[in-house]
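The values are calculated or read from the model by the stated rules, or taken from the named source; none is laboratory data. From a predicted model like this one, the values you see are computed outputs, not experimental measurements. Cβ placement follows ideal geometry from the backbone for every residue including glycine, while neighbour counts extend to all protein chains displayed.
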Amino acid sequence: MKAINILIIILFTIISNFSFGQCNDQLVNVCALDNNGATYIKDFKVKLKKAKKKEAAPVAKYQVALSKNTTYRFNSCNATEFAGEAIVQLFDAEQMLGSTYNMATGKNYKGFDFYCKKSGVYNIYISFKDGEEGCAVGILSFVGKEY
Amino acid sequence: MRKRFFSFLSAVIILSACNSSNTNDVSQDLTIPDSVKNGKPLQISEEVMENMIQNISSPVEIASLIRSTGMPYSQKYICKTDDIEKYDSNFKRAIGLGILGADLGYLNMYNKTGSVLGNLSTIKSIADELKIGQFFDFSTLKRLSVNNENLDSLIFISTQSFNNMDSYLRESDRTSISALIVTGLWIEGLYIASQVVKENKHKDLAERIGDQKIIINDLLIILRNYKSDPNFASLIADIEAVKERYADIKISYIKGEPEAVEKDGMLVIVQNETSVVEMTDQQLADIISITEATRSKLISL
């Protein structure tokens, strides 16, 4: 028990050195390893300014190739010093396949799993809820063959 | 719970150590390929190029798919590092680095820590020659590779090292090197997958090989950007020969609407549009054959 207490103290010391949750490369490390066993493939670092009045929220766009019969995980982590809460959306051309944000309920999930049945190139859009200024990292991970 | 805590803690400590080593000065004085640095305009924008490079499948994903087939690990699929250590130009080294990156994904996925060390050592040496060695913290990766409990961290840091290196190359106007690394990664991934299929015609893996028809066009667009360089021209001809074997393979699509379900508190999106690869045994055999020849040529450069 004493050993665990010491390790907890060490952990918090390291975390404070890490600037845990802050807008830097450490956010990728923390986010990629807090992923329930999915295997990291790539990350998308996003930093966007607050939307101007009467303008659409700024959006960052990326492309990824996904393969059939494979489950992928899209998750995101927000930097603590910004108000923005990341919304990750997955598109196949013009069709939105999934989003962390459910407009009907207002719920924003930390991420979602996507069971891909069509090999191809997909677009990922990352923006911040209500057009707030934000900094976040999106992580694409490989979950496995099964759904 | 205690095990998970210790795993997380060790990952945090290791990553803390890693990040202190990424600050070396890097010389921008990379001399190849000179012929593509003579002020000739790129035919496609860097942004498009970046997207295309991002689209090449991850070596970890292919390795994971191979492991899921139940096929055992085989050392014979892996490139001998001695061959790559002899490379005497940055063109060859960049392709070699990609080949080793794909092999590393395969080794990691099968937890072959002994072979990982040799592979990592060569990666570090080649990356240093290419002035991108600062992205590989060899001592940390070595420490992780001898500790099986940190496999997730090993895979994460290995993959991230390649991703960061690729981003750096593109940000510093050395996309040509990035394109060569990606080509090496792609051909080696295809080679390993095709060798596994040769021994056991696993349906999903065979389909994944057929799927590469989607990727090969992007790869050629990237490479053609540097076609004025004789080395690139030769490489383009090799990859075009692979593309020819894909010409008659058909990929068709069946429409369907995606469904969203919540499973154990997690949002799960199930795609109901499907792709179907139509490929005969002969077409698959032809792809395996041309892949073997192309990979053999590349590693004996």
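Just checking, does the range B:242-259 include any residue being touching a residue at least 12 places away in the same chain (Cβ under 8 Å), touching a Cys at 6+ places or on another chain (Cβ under 9 Å) and not hydrophobic (A, V, I, L, M, F, W, C)?
Looking for residues that are touching a residue at least 12 places away in the same chain (Cβ under 8 Å), touching a Cys at 6+ places or on another chain (Cβ under 9 Å) and not hydrophobic (A, V, I, L, M, F, W, C), one finds none in the range B:242-259, hence no.
Anything in the range B:189-229 that is out of contact with any Leu (no Cβ under 9 Å at 6 or more places or on another chain) and among the polar types (S, T, N, Q)? List them, or say none.
Result: B:Gln195, B:Asn200, B:Asn217, B:Ser228.
Regarding the range B:188-205, can at least one residue be identified that is closer than 19 Å to B:Ala285 by Cα, away from chain A (no Cβ under 14 Å), assigned to a helix (DSSP H, G or I) and touching a Gly at 6+ places or on another chain (Cβ under 8 Å)?
Yes: one or more hits.
If you check A:Leu48 against the conditions, is it modelled with pLDDT of 95 or more and of a type outside the set (Gly, Ala, Ser)?
Yes, satisfied.
Keeping to the range B:207-264, report how many residues are small (Gly, Ala, Ser), more than 13 Å from chain A (Cβ to nearest Cβ) and in a loop (DSSP other than H, G, I, E, B).
Here the count works out to 2.
Can you tell me which residue among B:Ser228, B:Ser234, B:Ser252 is surrounded by fewer than 11 Cβ atoms within 10 Å (Cβ to Cβ) and among the polar types (S, T, N, Q)?
Within the list B:Ser228, B:Ser234, B:Ser252, the selection yields B:Ser252.
Since A:Phe82 meets every condition but one in (1) at the interface with chain B (Cβ under 9 Å from one of its Cβ atoms); (2) assigned to a loop (DSSP other than H, G, I, E, B), which condition does it not meet?
It is condition (1) that A:Phe82 fails.
Residue by residue through the range A:85-116, note down the ones that are surrounded by fewer than 21 Cβ atoms within 10 Å (Cβ to Cβ), not in a strand (DSSP E or B) and not aliphatic (A, V, I, L, M).
Selection gives A:Glu85, A:Glu94, A:Thr105, A:Gly106, A:Tyr109, A:Lys110.
Among the residues that make up the range B:159-178, is at least one of them acidic (Asp, Glu), under 23 Å from B:Cys79 (Cα atoms), buried (at least 20 other Cβ atoms within 10 Å of the Cβ) and at pLDDT below 90?
yes
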